[in-house]
Structure formats: C-alpha cells, structure tokens
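**Q** Below you'll find the structure I mean.
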Amino acid sequence: AGARFYMDTLVRRAAALSGLAAENMTRGQNWLFLELGRRIERALLMLRYTQRFGRPDAPVGSLDTLLELSDASISYRQRYNIAATQASVLDLVVLDPNNPRSVAFQTERIRKTVMDLPGRRGSGEPSDIDSLIVRLDAVLRTTRAVDVDEALIERCADDLRQLSDLLTEQYFSDRNIPVGDWE
C-alpha cells in the first residue's frame with residue numbers, strides 16, 4: 001500500500017507540473033526547450049511501444065495494447081471500424097500527423113519549434129539540427145504504413161537521440177551559450 005501511495009503522489013505531482021507549464025509558463029525560449037524535450041521523449045516512447053507491441057510476431061492483443069498505450073483506441077475505431085491490423089495501427093500511431101500521440105505529430109511539432117530557437121544561422125544554410133529534423137519529418141510524411149518496420153523505427157529513434165545530442169551541444173554546452181539571446 002505504501003508504494004502505491006508514493007506512485008499516486010508522484011503521478012499527481014507530475015500532472016500538476018505539466019499543467020503548470022501548459023497553462024502558466026511564458027512561451028519564451030525556455031518554454032521552447034521544455035517543449036522540444038517533451039516532444040522528443042514522447043516520440044521515442046511511441047517508437048519503443050511500437051517496437052514492443054507493433055511487431056508482426058507480437059502476441060495476440062498486442063496491437064490493442066499499442067492503441068491503448070498511445071491513447072488512440074477511440075480514434076482507431078472511428079477511423080477504421082475493423083479489428084486492429086498491423087498496417088492500420090502503425091499508420092495511426094507512427095505516421096498520422098493529426099494524431100497528437102503519433103511520432104509524425106511529434107516530429108512536425110519539433111520541426112516547427114526548432115525554427116523558433118534563438119541563435120539560428122543567418123546565412124540561410126540549414127544547421128545540422130535543421131537538416132536532421134526536416135529529413136526525419138519528411139521520412140515519416142512519405143512512408144507508407146506497410147513499410148514501417150524495425151529498421152525504420154530504429155532509424156527514427158536514432159535520429160531523435162542524435163537531435164537531442166545536437167540540441168545539447170548547440171545550446172547547453174558551456175562554450176556555446178549565446179549571450180544576449182535569452183529572455
């Protein structure tokens with residue numbers, strides 16, 4: 001009973017912090033980094049769930065579990081009105097730019113947020129961060145559900161981890177903190 005109490009407390013505090021950030025935090029540069037981290041983590045989580053529950057050899061019921069974990073069961077039933085199939089579930093969970101839990105939705109939001117970051121290059125040449133997120137977003141926009149496989153999922157996860165590393169290097173390394181660009 002004690003562990004459950006602490007877990008409930010942890011969930012309540014996390015929800016309170018999330019609500020505080022969503023409703024009360026000024027949408028300045030600091031918020032942009034919070035948003036990027038949240039979107040990257042959510043995309044990586046969805047990819048991890050997809051690897052586990054979206055495999056062709058996953059146990060019976062795994063696709064329904066994936067829909068539940070991605071909070072997309074109702075959307076799936078409204079759209080497809082059929083029993084869960086691998087292609088249709090992966091389409092909704094990985095590739096649908098209108099599903100707020102999908103990987104494609106996250107990468108689109110990441111791409112838009114990256115464009116608002118401070119200290120962007122003025123030369124017109126895309127940075128490594130720009131190139132990576134635009135490429136990843138394009139891959140997800142042009143992939144068909146039947147082509148979503150382990151290799152694609154792993155490439156997307158690797159790109160998201162690399163994006164996180166590039167953001168850290170660009171904005172949080174002691175030698176690269178842009179003076180005067182912060183609120």
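The values are calculated or read from the model by the stated rules, or taken from the named source; none is laboratory data. Values in this document were obtained by computation on a predicted structure and should not be read as measured data. Here the Cβ is made from the backbone with ideal geometry for all residues, glycine too, and neighbour counts use every protein chain on show. Please note that ligands, DNA and RNA were not included when accessible areas were found on the heavy atoms of the full protein model with its side chains. Shrake-Rupley method; radii C 1.70, N 1.55, O 1.52, S 1.80 Å.
**Q** With (1) modelled with pLDDT of 95 or more; (2) open to solvent by 10 Å² or more (accessible area, probe 1.4 Å) as the list, and Val93 as the residue in question, which single condition is left unmet?
**A** (2)
Condition check ((1) open to solvent by 80 Å² or more (accessible area, probe 1.4 Å); (2) not in a helix (DSSP H, G or I)) across all residues:
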residue	(1), (2)
Glu35	no, no
Leu44	no, no
Pro56	yes, yes
Ile82	yes, yes
Pro97	no, yes
Glu125	yes, yes
Ala138	no, no
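**Q** Looking at (1) part of a loop (DSSP other than H, G, I, E, B); (2) open to solvent by 50 Å² or more (accessible area, probe 1.4 Å); (3) at pLDDT 95 or above, can you tell me which one Glu154 breaks?
**A** All conditions pass for Glu154, except number (1).
**Q** Residue pairs, Cβ under 9 Å, 6 or more apart or interchain, first in the stretch 77-96 and under 18 Å from Asp149 (Cβ atoms) and of a type in the set (Gly, Ala, Ser), second part of a loop (DSSP other than H, G, I, E, B) and at pLDDT below 90. List them.
**A** Ser88/Ile82
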